[in-house]
Amino acid sequence: MHGLPIRTPSLVLRHFVLDDAEPILRLNAEPSTRRWLPSHVYADLPSAKAVLAHLISCYSEPGHPRRGPYVLAVERNRTGRLLGHVGFSPLDDEVEVSYAIAESERGQGFGAEALFHGCEWASKVFGLPSFLAVTATANVASRHTLGRASFIHETDEVMHFQGTRRPVSRYIWRAHTGRDGAA
């Protein structure tokens, strides 16, 4: 469906399945997720399954990131191990992209690769010319990853983000930037 799975040099981007709940529970319990994305931390396996069931249902209804979340699993193509996610959701009049990669797999370019190829795919499939990314200004690693994935820094501001008012940095990705997104 929609040209999935997406195969990149290192990764496979695909729809989530309920069997992903246990690895997602572990990934989302990592210290960096607790710090930067506390809304993605689940209390237990039933909670993770419920969230995944909801995200899976969103593939068909509403089926478009302008109207609801469309989140893809990111796995390592060599091992089939689930590494994280790249997701698209409405935010005001834009579509926001989010991502997370397992701490043990960082520093290898997987985040930038997943972001770039996910955005290329979503741009073509859903006809979206651009994506917004918002990250805590203090999250230097995320800001670096966004830059490597062809996102351009737009502005810094203070907004309600992940449960608290804090300084954030806004980035924009535009289709056909001419970069390959490779690590």
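General observations
- Pairs linking a residue in the range 91-109 that is of a type in the set (S, T, N, Q) to a residue that is part of a loop (DSSP other than H, G, I, E, B) and at pLDDT below 95, with Cβ atoms under 9 Å and 6 or more positions apart or on different chains, are Ser98/Leu37; Ser104/Glu30; Gln108/Ala183.
- One residue alone among Arg34, Arg67, Arg81 is exposed (fewer than 15 other Cβ atoms within 10 Å of the Cβ), over 21 Å from Glu96 (Cα atoms) and among the basic types (Lys, Arg), and that residue is Arg81.
- Looking only at residues of the range 3-61 that are under 17 Å from the mean Cα position of the chain (by Cα), among the aliphatic types (A, V, I, L, M) and assigned to a loop (DSSP other than H, G, I, E, B), we find that the one that is farthest from Phe161 (Cα to Cα) is Leu4.
- Residue match in the range 148-166 (condition: over 22 Å from Leu72 (Cβ atoms) and buried (at least 16 other Cβ atoms within 10 Å of the Cβ)): yes
- Qualifying residues in the range 96-114 (those that are acidic (Asp, Glu) and part of a helix (DSSP H, G or I)) - the one surrounded by the fewest Cβ atoms within 10 Å (Cβ to Cβ): Glu103
- Residue within the range 54-62 that is under 23 Å from Ile152 (Cα atoms) and among the β-branched types (Val, Ile, Thr) present: no
- Of all residues making up the range 37-60, the number that are buried (at least 17 other Cβ atoms within 10 Å of the Cβ) and of a type in the set (Val, Ile, Thr): 1
- Of Leu83, Leu37, Leu13, Leu4, all but one fail to be among the hydrophobic types (A, V, I, L, M, F, W, C) and either within 16 Å of Ala133 (Cα to Cα) or without any contact (Cβ under 8 Å) to a residue 40 or more places away in the chain (or both); the exception is Leu37.
Residue by residue, here is whether (1) at pLDDT below 95; (2) surrounded by 15 or more Cβ atoms within 10 Å (Cβ to Cβ); (3) in contact with a Cys (Cβ under 8 Å, 6 or more places away or on another chain); (4) not in a helix (DSSP H, G or I) holds:
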{"residue": "Val71", "(1), (2), (3), (4)": "no, yes, yes, yes"}
{"residue": "Val74", "(1), (2), (3), (4)": "no, yes, no, yes"}
{"residue": "Phe88", "(1), (2), (3), (4)": "no, yes, no, yes"}
{"residue": "Ala122", "(1), (2), (3), (4)": "no, yes, no, no"}
{"residue": "Thr145", "(1), (2), (3), (4)": "no, yes, no, no"}
{"residue": "Ile172", "(1), (2), (3), (4)": "no, yes, no, yes"}
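- If only residues of the range 151-164 that are part of a loop (DSSP other than H, G, I, E, B) and modelled with pLDDT under 95 are counted, the one that is farthest from Gly107 (Cα to Cα) is Gly163.
The values are calculated or read from the model by the stated rules, or taken from the named source; none is laboratory data. These figures come from a predicted structure and were not determined experimentally. Reconstructed Cβ throughout: ideal geometry from the backbone, glycine too, with neighbour counts over all protein chains shown.
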